[in-house]
Structures are given as C-alpha cells and as structure tokens.
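This report concerns only the one structure given below.
The values are calculated or read from the model by the stated rules, or taken from the named source; none is laboratory data. Predicted model, so just to flag it, every value in this text is computed and none were measured. When we count neighbours, we look across all protein chains shown, and the Cβ atoms used for this are built from the backbone with ideal geometry, even at glycine. Remember, those area values only see protein heavy atoms, side chains included, never the ligands or the DNA or RNA. Shrake-Rupley method; radii C 1.70, N 1.55, O 1.52, S 1.80 Å.
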Amino acid sequence: VQLQASGGGLAQAGGSLSLSCAASGHTFKGYAMGWFRQRPGQEREFVAVIGSSGGTTYYADSVKGRFAISRNTATNTAFLQMNSLKPEDTAVYYCTATWDALIPTDDYRKYDYWGQGTQVTVSS
C-alpha cells in the first residue's frame, strides 16, 4: 500500500497551492483520505479529511473556508486545494488514510497509511 503525495512548493501569502495524493496497492474502498501537516518541532496537525464516497468532509478550524479537500474515487486520488495561504500554513504536508468509520478524527494515531511529506512554504 502506497500513498504518493505531490504538489506543494512555494507561494506568497494570499496565494494558492494544490496537493495531490495517489493511492496504489489497495482499493481504499471504505477508507477516508486526509491530510496532516507538521511544522519543525511540533506534532503532526490535522488539516482535513474526506469520506470514502467523497460526500463528507471535515476541516481544522485553522483552514476552514480556505482549504478544500476532494477525491476521485475512481482513481483513488485525493486533492487539497489551498487558497488564501498564510505564512503559518508553512509545513510539511502528509496525506493519509483511515477506515471510514473512524472519521471525523484529528488523532494521527487513528490513521493507518501515510505518504511521504511534501513541503509547503508560504512567504509573507
């Protein structure tokens, strides 16, 4: 089972970036997919999660109204559109998956699968 994250990079405050997460080696039917982020010296922080059918989404208060999570169930790919970026959004972003029945949860220990991180840097 692999989650391959892509996207990210550098943006100015107020700008936009998008992330993608492609799942392979598993159907992920019944699995929610989500994103966490981690700043240096800090714990991994919940960002957003989307249910297996794509019909339910949950966001951290810090990104609500600015970020949008979506998924393509046919290709097992999740997306995170990040708008109105702030310098405090700077972090390594990780895609993840967990059993659908467990969401909403912001506890990273409840997530079974993790992709490699991708850096997002927002300059002021």
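Per-atom-type breakdown for the stretch 1-41 gives carbon and sulfur 49% of the accessible area (1.4 Å probe, protein chains only). Estimated from the Cβ-Cβ distance and a Förster radius of 25 angstrom, the FRET efficiency linking Ala68 and Gln12 is about 0.80. Sparse packing (at most 14 other Cβ atoms within 10 Å of the Cβ) combined with a DSSP loop state is found for the following trypsin sites (Lys or Arg not before Pro) in the stretch 63-124: Lys64. Entry note, the chain: relative contact order of 36 percent, from Cα contacts under 8 Å with a spacing of 6+ residues. Taking 7 Å steps out from each Cα toward its Cβ at Thr27 and Lys86 produces label points 4.1 nm apart.
Accessible area ranking (1.4 Å probe, heavy atoms, ligands and nucleic acids excluded), largest first, for Ile50, Ile103: Ile103, Ile50. When Leu80, Leu10, Leu17 are compared by accessible surface with a 1.4 Å probe, the order from highest to lowest is Leu10, Leu17, Leu80. The simple spin-label model puts a point 7 Å past each Cα toward its Cβ; for Gln42 and Trp99 those points are separated by 3.1 nm.
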